[in-house]
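First the structure, in the form of structure tokens, and then the observations on it.
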Amino acid sequence: MGGAERSARKYRQQQTQAAAAKAMKSAKGGGKNVVVIGVVVIVVVAVAVIGGVLLTQNREEEQAADTVPVVRLADHPVERDGGSVLVGQADAGVTVDIYEDFLCPGCAQFEEVYGEQIDTALSEGTVRINYHLLPMLNESNAAPGYSMRAANAALCAADQDVFVDFHASLFGAQPNSGSTVWNDDQMIALGEELGVEDPAFATCVREGEHTAAVADELITADATPHLQNEEGRFHGTPLIAVGQERFDFTDENWLENAIATGS
């Protein structure tokens with residue numbers, strides 16, 4: 001059970017206890033009828049709490065039985081560089097830096113809208129993408145720790161040369177707000193489904209071998225002037241840049257404009 005679910009369960013228990021205390025207080029001054037009403041209230045609240053717990057457990061059990069749906073794209077050269085992953089031909093005309101968080105809804109939307117265009121440009125050799133996987137939402141109450149775990153797993157996947165499909169699959173099946181996130185076993189199963197046979201991959205995922213590199217990537221982004229907002233902090237994900245020039249991803253021509261910088 002995740003932290004958010006534990007908090008919710010604790011809150012419901014507190015509600016039950018408060019209702020019981022209120023009923024007992026009323027019983028002292030209100031007679032037999034008040035006691036009966038108080039007992040009914042307690043029973044109703046208790047049933048609601050039990051029902052909520054069972055619903056949460058069922059949802060977690062259903063998710064635990066699921067596997068991450070696989071998304072397959074074209075095969076592109078992959079090179080991990082610390083906490084980032086370079087995808088595409090080394091002699092591509094321009095390198096585009098893309099900063100993302102696997103829990104960021106805007107990043108998932110970005111991949112849904114532009115993923116095919118990026119895949120085509122990579123195949124044509126006109127662009128190379130440097131993916132920076134940041135744990136921006138790692139402290140999210142809905143999914144504490146997931147951003148870091150997913151970023152680490154993606155870097156582990158890069159070591160096994162399955163990053164492109166692994167990255168696309170996690171964004172294609174991004175957990176909804178409040179839902180149970182993909183666990184380590186499910187991400188390991190995804191890698192295996194994509195062809196990973198090396199047992200080092202599972203070890204890398206479970207032991208968080210690249211978490212320090214992921215953390216360093218966020219520190220670097222936060223301290224890079226052209227990536228900062230007006231408050232002098234990292235602007236946020238998704239963010240696209242070529243050199244020191246940022247591109248507005250809401251402009252449907254951003255990729256074409258970015259490629260043009262290398263011509």
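The values are calculated or read from the model by the stated rules, or taken from the named source; none is laboratory data. Note that this is a predicted model, so its numbers are computed, not measured. Backbone-built Cβ (ideal geometry, glycine too); neighbour counts: all protein chains shown. For accessibility, only protein heavy atoms count, side chains too; no ligands or nucleic acids. Shrake-Rupley method; radii C 1.70, N 1.55, O 1.52, S 1.80 Å.
Here the accessible area is traced with a 1.4 Å probe on the protein chains. For the stretch 142-248, carbon and sulfur cover 45 percent of it. Treating r as the C-beta distance of Thr250 and Ala142 and R0 as 22 Å, the FRET efficiency rounds to 0.30. Could you work out how far the C-alpha centroid of the stretch 184-208 sits from that of the stretch 98-158, in angstrom? The stretch 184-208 and the stretch 98-158 have Cα centres spaced 18 Å from each other.
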